[in-house]
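All remarks here apply to the structure that follows.
The values are calculated or read from the model by the stated rules, or taken from the named source; none is laboratory data. As the structure is a prediction and not an experimental result, all values here were calculated from the model. When we count neighbours, we look across all protein chains shown, and the Cβ atoms used for this are built from the backbone with ideal geometry, even at glycine.
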Amino acid sequence: MKTIVNTDKAPAAIGPYSQAIKANGLLFISGQLPVNPADGTIPVKVEDQAKQSLENVMAILVSDGLGAEAVVKTTVFLKDMNDFAAVNAIYAQYFTKEFPARACVEVARLPKDALVEVEAIAVCKIN
């Protein structure tokens, strides 16, 4: 059994997918681009893009009653691996203890020509 998780505090999906799916005690958050959900803009600087992508992940977590501590795995997609240190510095502001497992990969291109995209898997609270 699965449940679709959506919030207007993160950008709407730009294709045939959900913001997140809850299944078997896990929350699978789709890749979050650095799109401001209020106005659809994308920041220019990679640091600002990283922050917006992570804010979007956090908004989805919060919509399901979770926080950063629930995240067990992230994947960070970068347009340019030379941006790793800058993005990592922003990432470290969101995950400050009990760090999730993570992969970080350079990709040829991201939707909307973004520089960063972040996806996550979190453990749901047991009621």
>> Looking for something out of contact with any strand residue (DSSP E or B) (no Cβ under 9 Å at 6 or more places or on another chain), closer than 14 Å to A120 by Cα and surrounded by 18 or more Cβ atoms within 10 Å (Cβ to Cβ) - is there at least one such residue anywhere in the stretch 34-54?
In response: no
>> Criterion first (without any contact (Cβ under 8 Å) to a residue 40 or more places away in the chain and out of contact with any Leu (no Cβ under 6 Å at 6 or more places or on another chain)) does N24 satisfy it?
In response: yes
> Restricting attention to the stretch 86-98, does a residue exist that is within 14 Å of the chain's Cα centre (by Cα), closer than 15 Å to V5 by Cβ and either surrounded by fewer than 18 Cβ atoms within 10 Å (Cβ to Cβ) or without any contact (Cβ under 8 Å) to a residue 12 or more places away in the chain (or both)?
Replying inline: no
>> Just to verify a result, which residue in the stretch 99-120, among those that are crowded, with 17+ Cβ neighbours inside 10 Å and small (G, A, S), is nearest to the chain's Cα centre (by Cα)?
In response: A120
>> Being in contact (Cβ under 8 Å) with a residue 40 or more places away in the chain, surrounded by 15 or more Cβ atoms within 10 Å (Cβ to Cβ) and either more than 12 Å from I29 (Cβ to Cβ) or not charged (D, E, K, R) (or both) is true for just one of L78, L61. Which residue is that?
In response: L61
> When residues of the stretch 10-22 are filtered for being under 16 Å from V118 (Cα atoms), at pLDDT 95 or above and either of a type in the set (D, E, K, R) or in contact with a helix residue (DSSP H, G or I) (Cβ under 9 Å, 6 or more places away or on another chain) (or both), how many remain?
Replying inline: 4
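Here is a yes/no grid of residues against (1) touching a residue at least 24 places away in the same chain (Cβ under 8 Å); (2) in contact with a Leu (Cβ under 6 Å, 6 or more places away or on another chain); (3) not in a helix (DSSP H, G or I):
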| position | (1), (2), (3) |
| --- | --- |
| V44 | no, no, yes |
| Q49 | yes, yes, no |
| N56 | yes, no, no |
| F84 | no, no, no |
>> I'd like the full set of residues that are surrounded by fewer than 18 Cβ atoms within 10 Å (Cβ to Cβ) and in contact with a helix residue (DSSP H, G or I) (Cβ under 7 Å, 6 or more places away or on another chain), limited to the stretch 64-75.
In response: G67
> Which one is farthest from the chain's Cα centre (by Cα), of the residues in the stretch 13-42 that are of a type in the set (A, V, I, L, M) and assigned to a loop (DSSP other than H, G, I, E, B)?
Replying inline: A38
> Is at least one residue of the stretch 111-118 of a type outside the set (F, W, Y), over 21 Å from K9 (Cβ atoms) and either outside any helix (DSSP H, G or I) or touching a Ser or Thr at 6+ places or on another chain (Cβ under 9 Å) (or both)?
Replying inline: yes
